[in-house]
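Below is one structure, written out as structure tokens; the observations come after it.
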């Protein structure tokens, strides 16, 4: 079970990402289209089984976007590399 907290990374954001890509030319997300998709967000609704190594998303239309995890991992590794070589932080 996923622990309830305020996550910094929402892996269930894919329904909104898909909508954003579809509405990109309009340069805004219409609230009438975002409300139903927001209802699909929330990792706490997912069920994770350790033995079978599966994730069950209970609502039709829920999708995972794990791209942020990969990007975050790469950033962490680059920061470690810079620190190891004495590159000063500029942020």
Test result for residue 29, surrounded by 10 or more Cβ atoms within 10 Å (Cβ to Cβ), under 13 Å from the mean Cα position of the chain (by Cα), modelled with pLDDT under 85 and part of a loop (DSSP other than H, G, I, E, B): no
Close pairs from segment 65-91: first within 30 Å of residue 19 (Cβ to Cβ), partner assigned to a helix (DSSP H, G or I), Cβ under 7 Å, at least 6 apart: 65/14; 65/17
Subset of segment 35-58 (residues that are closer than 20 Å to residue 12 by Cα, free of Cβ contacts under 8 Å to residues at least 12 places away in the same chain and either in contact with a strand residue (DSSP E or B) (Cβ under 7 Å, 6 or more places away or on another chain) or in a loop (DSSP other than H, G, I, E, B) (or both)): 50, 53, 55, 56
Answer residue from segment 59-91, given it is surrounded by 10 or more Cβ atoms within 10 Å (Cβ to Cβ) and not in a helix (DSSP H, G or I) and is farthest from the chain's Cα centre (by Cα) among those: 87
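State whether the residues of segment 12-24 include one that is part of a helix (DSSP H, G or I), modelled with pLDDT under 80 and loosely packed, with under 13 Cβ neighbours inside 10 Å. Please lay out each step first, then the result.
The initial filter retains those residues of segment 12-24 that are part of a helix (DSSP H, G or I), namely 14-24.
Narrowing further to those that are modelled with pLDDT under 80: 24.
This time we only want the ones that are loosely packed, with under 13 Cβ neighbours inside 10 Å, so: 24.
Yes, there is a match, as at least one residue in segment 12-24 is part of a helix (DSSP H, G or I), modelled with pLDDT under 80 and loosely packed, with under 13 Cβ neighbours inside 10 Å.
The values are calculated or read from the model by the stated rules, or taken from the named source; none is laboratory data. What you see is a predicted model, and the numbers here were worked out from it, not measured in a lab. Note that we place each Cβ from the backbone using ideal geometry, even for glycine, and neighbour counts take in every protein chain shown.
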